[in-house]
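The structure appears right after this line, and notes come after that.
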Amino acid sequence: PLLSNSKRIPPASVKMSWRSSFRCSKFRHVFGKPANKEHSYDGVPITRSVHDNHYCSANPRFIAVVTECAGGGSFLVLPIHHTGRVDPQHPRVCGHSGRVLDVKWNPFDDHCVASCSEDCTVKIWDIPNCGVQQNLTRARKTLIGHSRRVGLIEWHPTAENLLLSSAYDYKVLLWDVSQVDAVIRYPARVVLMPVHHRYPSETLLISVSFNSDGSRLAVSSKDRRVRVLDPRTGKILQVSSSKSHRASKVLYIGGLKMLLSTGSSPWNHRQIVLWDPDDLSEPLYEEDLDGSAGVLFPFYDPDTHMLYLAGKGDGNIRFYELSAEKPYIHFLTEFRSLLPQKGLGVMPKRGLDVGACEVFRFYRLIAVKDLVEPLSMIVPRKESGIFQEDLYPMTAGNWAAMTAQEWLSGVNRDPVLMSLKPETEVPNPYPKPPAERGMVRGVTPLCACRNALDFLFLILNFPGFQLLQAFYRQQDEIRGLKEQLSQKDVSRQAVVKFSATQWWKIRHHLFVSRITGKEKAWMIPD
């Protein structure tokens, strides 16, 4: 190139200092695809509670939504394919005497769901194979150990039948729900509790998150600090500073050895902060987002390293990609909607549509419309309908790595992984316990099928399968009859309109014929 003094610089001496700001990522074009009204859940009376919870939980079989009702608490359980308009009189799970504050599906049993309420109890429910056909008021287990309303529950990620609960009595308890008693009054382990009638703010939790093997517990408390605990002993291992960040939600970033918290800055700006879980003295990264007041819910996918931020009362969801190198977090894009969300549920990875390149799925609770809207995160690919190996690595499955007693005795195990590729089976690396798991209802678990023929035989002999088939057959017949009825109504209105018009024309012609004396020239048609 020529300079101002017209001297040519030799090509060997040219130094290229330009650096592209473009970052290559296969998730750069990910987009959110909301379902239409026919594939959403319309007419759901979403709860009006002001708690900062999700109020929704989903698995490949059912979706549970906390609803508004008078004289107690209830939540709605629908088959995942039961979309469209929901009957206002649809049966509910209504055994609580107070408002339901949180609901969570068991990660290792698609028919078991836990709920907590303002009536100071936690209940474990068994959902029939064909769904809830009548109001369900009797729970399988009732956990009575709190003296004030229970605001938070969380299942252990690797040990089966282990549930954590946190209440406004400043107690954090671990329950083993595999005990034989229908009413359990004593927890398996007390994680945190008041001492000598002192109620420290660090024992009132507003958010919890287990790490991948369940050996550590990250919490955010009423004092808006982030803490890392040993969930077996309740010992506090790390505490963050409250000078620059007031945390509201916390989340373990699996695979990257990081911790993420969302909250507000001293200037009341919503912000996200990344921490080293072994040293919470200083944050690794912090970023201010906006000045809104709604709580930010973080969701992380360890398989794709994607982070989703959805604010309560917002209509948008931000997408990020995380990495182990600085600056750690990279903004991708965002989904925008005019309808605000009150809460969100998330479908486990094993329930996604891999043929459509769906990498994440939300269930947005839109209270202003009484609507639950599925929102799919899709990575566009040229070849659709083909399993994409790079989008779906091995992921945590629905098989527990150990029992609750093994974990309480000090054993740590990673989750049992499964492949999302159709017709692929991955052996369980851990030995099975003597008692077969998943036999609560006296049937063989689906994950015990060895091949496609066994799976087909199990489905055809599954208890309640005939009832489920009859139910969906009746729904199809009802839908067809409604369509026929609407068509007949339209045709009947057209016939009535046509008949009235022709009758008045005939009356007019007869009247005119009588006046003119040509009555015989007019013939009334048949």
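Things to note:
- Checked across segment 333-351, the condition of being in contact with a Phe, Trp or Tyr (Cβ under 8 Å, 6 or more places away or on another chain), modelled with pLDDT of 95 or more and of a type in the set (S, T, N, Q) holds for no residue.
- Applying the condition of being among the aromatic types (Phe, Trp, Tyr) and assigned to a strand (DSSP E or B) to segment 240-286 and asking which residue is least open to solvent (accessible area, probe 1.4 Å) yields TRP275.
- The combined condition, being more than 22 Å from ASP181 (Cα to Cα), in contact (Cβ under 8 Å) with a residue 60 or more places away in the chain, β-branched (Val, Ile, Thr) and in a loop (DSSP other than H, G, I, E, B), is not fulfilled by VAL50.
- Tally, over segment 372-418, of residues that are in a strand (DSSP E or B) and more than 23 Å from TRP175 (Cα to Cα): 10
- Residue in segment 60-70 that is open to solvent by less than 60 Å² (accessible area, probe 1.4 Å), under 26 Å from TYR320 (Cα atoms) and not charged (D, E, K, R) present: yes
- Only one of the numbered conditions (1) touching a Ser or Thr at 6+ places or on another chain (Cβ under 7 Å); (2) farther than 22 Å from ASP52 by Cα is violated by LEU192, and that is (2).
- Taking segment 239-263 as the range and being in contact (Cβ under 8 Å) with a residue 40 or more places away in the chain and over 25 Å from the mean Cα position of the chain (by Cα) as the test, the residues that pass are VAL239, SER240, SER241, SER244, HIS245.
- Residue check: PRO266 meets all listed conditions (1) touching a residue at least 40 places away in the same chain (Cβ under 8 Å); (2) within 18 Å of VAL295 (Cβ to Cβ) but one, namely (1).
- Picking from residues in segment 293-320 that are in contact with a strand residue (DSSP E or B) (Cβ under 6 Å, 6 or more places away or on another chain) and part of a loop (DSSP other than H, G, I, E, B), the one that is farthest from PHE335 (Cα to Cα) is ASP303.
- Of all residues in segment 321-340, those satisfying the criterion of being open to solvent by 10 Å² or more (accessible area, probe 1.4 Å) and in a strand (DSSP E or B) are GLU321, ILE329, HIS330, PHE331, LEU332, THR333, GLU334, PHE335, ARG336.
- Looking only at segment 79-103, and only at residues there that are of a type in the set (A, V, I, L, M) and farther than 13 Å from ASN135 by Cβ, the one that is surrounded by the most Cβ atoms within 10 Å (Cβ to Cβ): VAL100
- Flag if LEU143 is in contact with a Lys or Arg (Cβ under 8 Å, 6 or more places away or on another chain) and either among the polar types (S, T, N, Q) or part of a strand (DSSP E or B) (or both): yes
- Among (1) surrounded by 21 or more Cβ atoms within 10 Å (Cβ to Cβ); (2) more than 18 Å from LYS123 (Cα to Cα); (3) touching a strand residue (DSSP E or B) at 6+ places or on another chain (Cβ under 7 Å) - the single one LEU162 does not satisfy: (2)
A quick yes/no check of all residues on (1) touching a Leu at 6+ places or on another chain (Cβ under 9 Å); (2) under 22 Å from GLU287 (Cα atoms); (3) at pLDDT 95 or above:
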{"residue": "ASP213", "(1), (2), (3)": "no, no, no"}
{"residue": "THR233", "(1), (2), (3)": "no, no, no"}
{"residue": "SER241", "(1), (2), (3)": "yes, yes, no"}
{"residue": "VAL250", "(1), (2), (3)": "yes, yes, yes"}
{"residue": "LEU260", "(1), (2), (3)": "yes, yes, yes"}
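- Of all the criteria given as (1) within 30 Å of LEU371 (Cβ to Cβ); (2) at pLDDT 95 or above; (3) in contact with a Lys or Arg (Cβ under 7 Å, 6 or more places away or on another chain), the one not satisfied by ASN135 is (2).
- Meets criteria (over 24 Å from LYS123 (Cα atoms) and surrounded by fewer than 19 Cβ atoms within 10 Å (Cβ to Cβ)) for LEU237: yes
- Against the criterion of being open to solvent by less than 40 Å² (accessible area, probe 1.4 Å), modelled with pLDDT under 95 and in a loop (DSSP other than H, G, I, E, B), ASP223 does not qualify.
- Residues satisfying the stated conditions in segment 180-220, i.e. small (Gly, Ala, Ser), assigned to a loop (DSSP other than H, G, I, E, B) and surrounded by 15 or more Cβ atoms within 10 Å (Cβ to Cβ): ALA188, SER212, GLY214, SER215
- Filter pass, ARG364 being open to solvent by less than 40 Å² (accessible area, probe 1.4 Å), touching a strand residue (DSSP E or B) at 6+ places or on another chain (Cβ under 9 Å), of a type in the set (D, E, K, R) and not in a loop (DSSP other than H, G, I, E, B): yes
- The set of residues in segment 70-91 that are closer than 18 Å to GLN474 by Cα and in a strand (DSSP E or B) comprises LEU78, PRO79, GLY84, ARG85.
The values are calculated or read from the model by the stated rules, or taken from the named source; none is laboratory data. Given the structure is predicted, the values throughout are model-derived calculations rather than measurements. Neighbour counts run over all protein chains shown; Cβ positions are idealised from the backbone, glycine included. Note: accessible area is taken over every heavy atom of the protein model, side chains too, but ligands, DNA and RNA are not part of it. Shrake-Rupley method; radii C 1.70, N 1.55, O 1.52, S 1.80 Å.
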